[in-house]
Amino acid sequence: MSLEQGLTRPRFRLPATLRNPMAVVGASIILLWILVAAVISHIWPVDPLAQNFDRLLPPGAAHWFGTDQLGRDVLSRTLAGSQTSLPLSLLLVVCAMILGGSLGAIAGYFGKAIDETIMRIADLVFAFPTIILAMVIAAALGPSLTNAVIAMLIVSWPSYARVMRSLVIGARGSEYVIAGRLMGSGAFTSLWRDILPNVLAPLLVLATLDVGTAILLLSGLSFLGLGAVPPTPDWGAMVSDGVQQFSSWWIAVFPGLAILSVVLAFNFLGDAWRDSLDPRTADAVQGRAI
Amino acid sequence: MTNETPAGDGAEEILAVNDITVTYRRPGRSLLTAVDGVSLSLRRSEVLGLVGESGCGKSTTARAVCGLEPLTSGSVLFNGEPVSPLSMKRRPKHLLGIQMVFQNPYASLNPRRRIGSQIEDGLGLNRQRDAWNVNELLEKVGLHPSDRDKYPHQFSGGQRQRIAIARAIGTGPDLLIGDEPIASLDASLQQRVAALMRDLAIQAGSGLLFISHDLAIVRTIADRVAVMNRGIIEEEGPVDTVWRHPTSAYARRLLAAIPVADGLGKLPGLPTRRQN
């Protein structure tokens, strides 16, 4: 160990991903929502399920975000909705990315019969409208949030598989991959060490964009009675309620803004993550000249 | 490390390429024979230059020797054992002694891994475990040991090519193949990188198959040279013989095309420019 290393006191350093203003904004919003989801039911005084006679009240002093058609407080329902919408959509996106990414990588790397088999199954899923197929699967499994997530997983992995497959095919012939193979790495070492780190960035960005779609898809199933069962507060279900009460804009707008904030936050974080994962742009993330 | 041994007749033959043909099927068109009946042989601590113009099949020959191109006919023997084509399976152990330095230094290193760990991968294959270490190898190729924690994009093209050479040499190969390793470097670097490859290969006791279109540089590092044109070997022999007394018409043309710095502003094959 050199002298300098011995003398420098170890101090806290922000991870490279977060040394970017947009990433800080994104991470703060997500942290805030996670905090809200974790503690809201313990500290918030207004019950999101309590109904009163002030139906369709516009935002005001008593109800900051107004009340819905059953007289429930929109603010507390929006806050409580984070408990279903956030964890389930994140779980879905992560599972779909892992499942679709692995299948796509295997299809792209090994090619031939394996590729054909996996991608034809993916085409089969693509051939149906997403929400219809998810409906059918959720209905067959029985209405519950778990089954809704499984149904959504089945309909959403193919887009990841498609993207991953084309990325792997592009990287497979690179000279550094061949050099690795010449040095005796097997198929899975080659995929894991040489190919995946170089193709993961687009997949992560796709995943962060997909969080919003996942929230809306989940809400679609909830709206049809196949996901969150009423009266459980859920952002998507609240938006669809609001659409039926067009003159009372506040019912749909506030949960909609909640969805927007989460989607934006994930996009900010995804962009910063991609930049810091790539050593060629990592310096820019850390605030140095390239 | 083995000591320097001159490429004498006693040295064992490590590579025997016997009459290989590589044919490509072009969709909707005729077959293309890229390599047509090529035979080569290489001994330990010997440098064989393979020269020819672009598209003459020299890179295909190199890839076939590595097992990266399927052979249409003929055979490649490495240390007496046939070279099998690289499939999805792990490369057989006896073939790990063939290593390659690629043409494009910008694509031959994994951009997401530190160069130290990439060189370590190569060292892991070396049968003599303590023959080299990463720092020594980096110094050998003219880089600083502290460079091991850097990523490939932090180096210039010439430095990356030297890192690729360090990685290949670190494996302790019996046969090192340079597939136009100097083609994408600038003129001042070409000679140095080529000489470096020769020195390291000879030091490690490996054979070097050096592919280039530049006969002037190949002459300075090779023991023997093979001139290739349209998929066939036109001429092969000790480098001085081919350089001074080429027998084939193609080799003579190739030699005549080397620019001579005579200070007269003359380009080969063109009439002398009239001075005003």
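The values are calculated or read from the model by the stated rules, or taken from the named source; none is laboratory data. Since this is a predicted model, take the numbers as computed values, not measurements. Backbone-built Cβ (ideal geometry, glycine too); neighbour counts: all protein chains shown. The area values use the complete protein model at the heavy-atom level, side chains included, leaving out ligands, DNA and RNA. Shrake-Rupley method; radii C 1.70, N 1.55, O 1.52, S 1.80 Å.
Here the range B:96-105 is the region considered, the condition is being surrounded by fewer than 22 Cβ atoms within 10 Å (Cβ to Cβ) and within 7 Å of chain A (Cβ to nearest Cβ), and the residue that is nearest to the chain's Cα centre (by Cα) is B:104.
All conditions in (1) under 30 Å from residue A:48 (Cβ atoms); (2) open to solvent by less than 50 Å² (accessible area, probe 1.4 Å) hold for residue A:90, with the sole exception of (2). All of B:230, B:224, B:252, B:244 fail the test of being basic (Lys, Arg), modelled with pLDDT of 85 or more and on the phi > 0 side of the Ramachandran plot, apart from B:230. Somewhere in the range B:41-60, is a residue crowded, with 20+ Cβ neighbours inside 10 Å, within 14 Å of another protein chain (Cβ to nearest Cβ) and assigned to a loop (DSSP other than H, G, I, E, B)? Within the range B:41-60, none of the residues are crowded, with 20+ Cβ neighbours inside 10 Å, within 14 Å of another protein chain (Cβ to nearest Cβ) and assigned to a loop (DSSP other than H, G, I, E, B). Scanning the range B:123-156 for residues that are part of a helix (DSSP H, G or I) and under 17 Å from residue A:179 (Cα atoms) gives B:123, B:152. Each residue in the range A:225-237 was checked for being open to solvent by 40 Å² or more (accessible area, probe 1.4 Å) and within 30 Å of residue A:23 (Cβ to Cβ), and 0 pass.
Which ones in the range B:83-95 are open to solvent by 30 Å² or more (accessible area, probe 1.4 Å) and either over 20 Å from residue B:172 (Cα atoms) or in a loop (DSSP other than H, G, I, E, B) (or both)?
B:84, B:85, B:86, B:87, B:88, B:89, B:90, B:92
Only one entry of B:198, B:148, B:219 meets the criterion of being more than 14 Å from chain A (Cβ to nearest Cβ), surrounded by fewer than 21 Cβ atoms within 10 Å (Cβ to Cβ) and in contact with a strand residue (DSSP E or B) (Cβ under 6 Å, 6 or more places away or on another chain), and that entry is B:198. The single condition among (1) aliphatic (A, V, I, L, M); (2) open to solvent by less than 50 Å² (accessible area, probe 1.4 Å); (3) in contact (Cβ under 8 Å) with a residue 60 or more places away in the chain that residue A:209 does not meet is (2). Is it fair to say residue B:63 is part of a helix (DSSP H, G or I), open to solvent by 10 Å² or more (accessible area, probe 1.4 Å), out of contact with any Gly (no Cβ under 7 Å at 6 or more places or on another chain) and of a type in the set (D, E, K, R)? Yes, satisfied. No other residue among A:261, A:166, A:222, A:185 is open to solvent by less than 20 Å² (accessible area, probe 1.4 Å) and touching a residue at least 24 places away in the same chain (Cβ under 8 Å) apart from A:222.
Comparison of A:201, A:252, A:151 shows that the only residue that is within 14 Å of another protein chain (Cβ to nearest Cβ), of a type in the set (Gly, Ala, Ser) and either buried (at least 17 other Cβ atoms within 10 Å of the Cβ) or within 20 Å of residue A:99 (Cα to Cα) (or both) is A:201. Would you pick out the residues in the range B:106-144 that are open to solvent by less than 80 Å² (accessible area, probe 1.4 Å), of a type outside the set (S, T, N, Q) and within 12 Å of chain A (Cβ to nearest Cβ)? Hits for the range B:106-144 are B:107, B:109, B:111, B:112, B:113, B:115, B:119, B:121, B:122, B:123, B:124, B:125. When every residue of the range A:61-73 is checked against the conditions, at least one turns out to be in a loop (DSSP other than H, G, I, E, B), open to solvent by less than 30 Å² (accessible area, probe 1.4 Å) and modelled with pLDDT of 80 or more.
From the list B:63, B:91, the one residue that fits, being within 22 Å of residue B:22 (Cβ to Cβ) and within 19 Å of the chain's Cα centre (by Cα), is B:63. Among residues belonging to the range A:238-249 that are under 22 Å from the mean Cα position of the chain (by Cα) and modelled with pLDDT of 80 or more, point out the one that is surrounded by the most Cβ atoms within 10 Å (Cβ to Cβ). This residue is A:238. How about the range B:77-113: which of its residues are closer than 14 Å to residue B:63 by Cα and of a type in the set (Ser, Thr, Tyr)? Scanning the range B:77-113 gives B:84, B:87. Looking only at residues that are closer than 30 Å to residue A:55 by Cα and of a type in the set (D, E, K, R) in the range A:204-243, which one is farthest from the other protein chains (Cβ to nearest Cβ)? The selected residue is A:241. The set of residues in the range A:169-180 that are facing chain B (nearest Cβ under 9 Å) and open to solvent by 20 Å² or more (accessible area, probe 1.4 Å) comprises A:174, A:175, A:176, A:178. Inspect the range B:167-181 for any residue being in contact with a helix residue (DSSP H, G or I) (Cβ under 9 Å, 6 or more places away or on another chain) and open to solvent by 30 Å² or more (accessible area, probe 1.4 Å) and give the result as yes or no. Scanning the range B:167-181 turns up no residue that is in contact with a helix residue (DSSP H, G or I) (Cβ under 9 Å, 6 or more places away or on another chain) and open to solvent by 30 Å² or more (accessible area, probe 1.4 Å). From the list B:159, B:190, B:154, the one residue that fits, being under 26 Å from residue B:40 (Cα atoms) and either surrounded by fewer than 21 Cβ atoms within 10 Å (Cβ to Cβ) or at pLDDT 90 or above (or both), is B:190.
Annotation note: of A:30, A:43, A:98, the sole residue that is surrounded by fewer than 17 Cβ atoms within 10 Å (Cβ to Cβ) and closer than 29 Å to residue A:147 by Cα is A:98.
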